[in-house]
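Peer 1: One structure, as structure tokens, below. Some questions next.
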Amino acid sequence: MVSAEQNPTPQTPEAEPRPARLTAAAALAGLEGLALLVGGVWMLVLGLTGSPDDRRQAVTGGVTLMVLGLLPLLAARGLLLRRSWSRGPAVVTQIMALPVAYNLLQADSIAIPGGIALGVVAVAALVLLVNPATTRALGIRGPGGSPDQK
């Protein structure tokens, strides 16, 4: 009779504890999604209750920001649940955030600290998302990797 200790079952990514890097990447993506959602609601409310130059543009901008906020929120949820598909939207969100951060840094206003914060968050999230521990935890194989390659 063969005991379980002599013939261990292979560990799946879900059986191992979630790496802190993966949790941190999910938190950063969720934070970005929440910021977009709050900014969209704020823009929409101001567009509807205030006196904007163009009410239609303010409402459209607010709705657009709220919809864009869904992508990083869904990616964050997928990262927490260890769904391999979630890394793609999370990486795309960070790449899209970098030019926005750059444009905020070019402003001569209070937007500069926002640009610094967004840039730091985007770069940190990218580093966390491409980390080998994160890749393994999501069950993503490299190019030419076989399913049983560690």
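The values are calculated or read from the model by the stated rules, or taken from the named source; none is laboratory data. Bear in mind the structure is a predicted one, so any value in this text is a computation, not a measurement. Here the Cβ is made from the backbone with ideal geometry for all residues, glycine too, and neighbour counts use every protein chain on show. For the accessible areas, the whole protein counts, side chains as well, though only heavy atoms, and no ligand, DNA or RNA atoms are used. Shrake-Rupley method; radii C 1.70, N 1.55, O 1.52, S 1.80 Å.
Peer 1: Based on this model, can you work out whether residue 142 counts as surrounded by fewer than 12 Cβ atoms within 10 Å (Cβ to Cβ) and closer than 24 Å to residue 18 by Cβ?
Peer 2: Numbers: surrounded by fewer than 12 Cβ atoms within 10 Å (Cβ to Cβ): yes; closer than 24 Å to residue 18 by Cβ: yes.
Answer is yes for this residue.
Peer 1: Take residue 87 and tell me if it is open to solvent by 20 Å² or more (accessible area, probe 1.4 Å), closer than 13 Å to residue 26 by Cα and of a type in the set (D, E, K, R). Outline the logic, then answer.
Peer 2: Numbers: open to solvent by 20 Å² or more (accessible area, probe 1.4 Å): yes; closer than 13 Å to residue 26 by Cα: yes; of a type in the set (D, E, K, R): yes.
Taking the combined requirement at face value, the residue satisfies it.
Peer 1: Another question, if that's okay. When you scan segment 23-30, do you find a residue that is part of a helix (DSSP H, G or I), open to solvent by less than 60 Å² (accessible area, probe 1.4 Å), polar (S, T, N, Q) and on the phi < 0 side of the Ramachandran plot, even just one?
Peer 2: Yes, the conditions are met somewhere in segment 23-30.
Peer 1: Condition first: surrounded by 14 or more Cβ atoms within 10 Å (Cβ to Cβ) and over 26 Å from residue 44 (Cβ atoms). Now tell me which residues in segment 71-84 satisfy that. Before you say what the answer is, go through the steps one by one.
Peer 2: Here is the first cut: in segment 71-84, the ones surrounded by 14 or more Cβ atoms within 10 Å (Cβ to Cβ) are 71-80, 82-84.
If the condition is that a residue be surrounded by 14 or more Cβ atoms within 10 Å (Cβ to Cβ) and over 26 Å from residue 44 (Cβ atoms), then 78, 79, 80, 82, 83, 84 are the ones that fit.
Peer 1: From 98, 68, which residue is in contact (Cβ under 8 Å) with a residue 12 or more places away in the chain, surrounded by 15 or more Cβ atoms within 10 Å (Cβ to Cβ) and among the hydrophobic types (A, V, I, L, M, F, W, C)? Show your work before the answer.
Peer 2: Working: 98 fails: surrounded by 15 or more Cβ atoms within 10 Å (Cβ to Cβ).
The match here is 68.
Peer 1: Against the conditions (1) assigned to a helix (DSSP H, G or I); (2) closer than 20 Å to residue 25 by Cβ, where does residue 102 fall short? Just the number, please.
Peer 2: Failed condition: (2).
Peer 1: Going through segment 71-94 one residue at a time, which ones are over 10 Å from the mean Cα position of the chain (by Cα) and either part of a helix (DSSP H, G or I) or among the aliphatic types (A, V, I, L, M) (or both)? Step through it out loud before you land on a result.
Peer 2: Of segment 71-94, the ones over 10 Å from the mean Cα position of the chain (by Cα) are 80-85.
Answer for segment 71-94, where residues must be over 10 Å from the mean Cα position of the chain (by Cα) and either part of a helix (DSSP H, G or I) or among the aliphatic types (A, V, I, L, M) (or both): 80, 81, 84, 85.
Peer 1: Right, another one. Could we say that residue 134 is assigned to a helix (DSSP H, G or I) and touching a Lys or Arg at 6+ places or on another chain (Cβ under 7 Å) here? Let's see the steps before the verdict.
Peer 2: On the way: assigned to a helix (DSSP H, G or I): yes; touching a Lys or Arg at 6+ places or on another chain (Cβ under 7 Å): yes.
For residue 134, the condition - assigned to a helix (DSSP H, G or I) and touching a Lys or Arg at 6+ places or on another chain (Cβ under 7 Å) - is met.
Peer 1: When only residues in segment 106-131 that are over 20 Å from residue 39 (Cα atoms) and not in a helix (DSSP H, G or I) count, which is most open to solvent (accessible area, probe 1.4 Å)?
Peer 2: Of everything passing the filter in segment 106-131, 108 is most open to solvent (accessible area, probe 1.4 Å).
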